[in-house]
1. Taking residue B:66 as the residue in question, decide whether it is more than 8 Å from every other protein chain (Cβ to nearest Cβ) and acidic (Asp, Glu).
2. Any residue that is without any contact (Cβ under 8 Å) to a residue 40 or more places away in the chain, within 14 Å of another protein chain (Cβ to nearest Cβ), more than 17 Å from residue B:66 (Cβ to Cβ) and not in a loop (DSSP other than H, G, I, E, B) - is there at least one of those in segment A:40-54?
3. Taking segment B:1-47, which residues are away from chain A (no Cβ under 11 Å), among the charged types (D, E, K, R) and part of a helix (DSSP H, G or I)?
4. Of the residues that sit in segment A:175-196 and are charged (D, E, K, R) and at pLDDT below 95, which one is nearest to residue A:300 (Cα to Cα)?
5. Give the residue, chosen from A:120, A:135, A:144, that is within 23 Å of residue A:66 (Cβ to Cβ), not in a loop (DSSP other than H, G, I, E, B) and not assigned by TED's automatic domain parsing to the domain that holds residue A:63.
6. Restricting attention to segment A:6-39, report how many residues are of a type outside the set (Val, Ile, Thr), away from every other protein chain (no Cβ under 14 Å) and in a helix (DSSP H, G or I).
7. Go through B:79, B:95 for me and flag whichever is touching a residue at least 40 places away in the same chain (Cβ under 8 Å), surrounded by 16 or more Cβ atoms within 10 Å (Cβ to Cβ), away from every other protein chain (no Cβ under 14 Å) and part of a loop (DSSP other than H, G, I, E, B).
8. Just checking, which of A:245, A:283, A:309 is more than 14 Å from chain B (Cβ to nearest Cβ) and of a type outside the set (Lys, Arg)?
Amino acid sequence: MKRIVYEGQSYGCSENETVLECLNSHGVPIPSSCKAGVCQTCLMRATKGNLPPESQKGLKPTLAEQNYFLACSCRPIDDMEISTPEPGQGKIPAKVIGIEPLNSDIVCVKLNPDIPFQYRAGQYINFFKDAATSRSYSLASVARLDDCIKLHVRRIPRGTVSTWIHESLAPGDRVDISEAIGDCFYVPGNPEQGLLLIGTGSGLAPLYGIIRDALADGHKGPIRLYHGSLNVEGLYLIEELRKLSLEHENFSYSPCISEGEAPEGFYQGIVLDVALKQTGTLSGWRVYLCGNPDMVNAAKKKTFLAGASMRDIYADPFVPAAS
Amino acid sequence: MSDTLYDKIGGDAAVNVAVDIFYRKVLADDRISRFFDGVDMDRQAAKQKAFLTMAFGGPNKYTGEDMRRGHAHLVAKGLNDSHFDAVMENIAATLTELNVPGDLIAQAAAIAESTRKDVLGK
């Protein structure tokens, strides 16, 4: 018999019993539907213990890598500690080591966590202003390339946390952040695959990390970045991205502006439209989307209809804080 | 040992290919695409895979009650026989596109058809 620890309670799991059956038989309600390892309603995460391969069948590689599994198809091979996927609550103390403007609205916040901090470029963290107030920000840094973690924070009009970061936070201050969360990151293993990345505003942050991570990993397929804003002033890291595209033949950078005439070197139009028009069919491509939720939702559907497989579409919409 | 319909169609690998083709057809079908507005596409694709797996005679434990509960909010939005017919057409077109023989398509269609009353809450 294996032991399953869930929410501080330990349960005995009989031979041939699944995690779902075990918890349900002990009166612990876990949402489920097909009970056949397909619909993914019973998704859980293992924090301890090895997982049987069949419990991760059909999951996106980025979920499998973080030890997510399906409770209905998991017959434990180890004692396990498991949780339901509500991550982002852990608090890790960190020191602010720099705040640098990227444009008139966006700053780069550099942090040094007090303890070793594991993350994948493209994931996000919750950044705590105080115990009760936090916002999610994507990680723009790459663990193997950068010696600190970096966030791109846009000043939101009347935004509680972003205004505090822009106006009050200073190098030397101490803050709390959560562990890294999210499944929008680069997974090695298919180096010839085309990567299409579309972002608006500070949605560039995770995409910038993913691109540098992929290039550092030796990704060979085309990597195309489309970054959109209303005007040139809304874009940032323009010189860094142009330089990166000169250094790597397979990386292209297309800055797009949606209002007014585009100067030389920029594209005129909505970033999603420009990207779809230039790339054409997306069969076999991997797609990363980040930024404005309307753009991200439209892009999910349109890139899928253009041929990208649902398993290959990774998105991180910015969800506005509840007012 | 005789292969099941699920094995003949190509098992899990075939369903993975079929679900993308099927979901693309459904989203592009003006008769039914509105029922999919505003849903999380990842979750929806997983559910469609579960549904196709069932229609192909593969592993599933869906009950009529699950089907009823899962579609009640759509019935409230006007889901009716004409929409169910459209989905049936899209299933057949998906399998045709994958070069599945006609007799197997008919078997899969019969399984899908058997859920009609529960899906439509009749």
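The values are calculated or read from the model by the stated rules, or taken from the named source; none is laboratory data. Quick caveat, the model's predicted, so the values are computed rather than measured. Cβ sites come from the backbone with ideal geometry, for glycine too, and all protein chains shown count toward neighbours.
1. The answer is no for residue B:66.
2. Within segment A:40-54, one or more residues are without any contact (Cβ under 8 Å) to a residue 40 or more places away in the chain, within 14 Å of another protein chain (Cβ to nearest Cβ), more than 17 Å from residue B:66 (Cβ to Cβ) and not in a loop (DSSP other than H, G, I, E, B).
3. B:7, B:8, B:34
4. A:183
5. On inspection, the qualifying residue turns out to be A:135.
6. 3
7. Criteria check complete, one pass: B:79.
8. A:245
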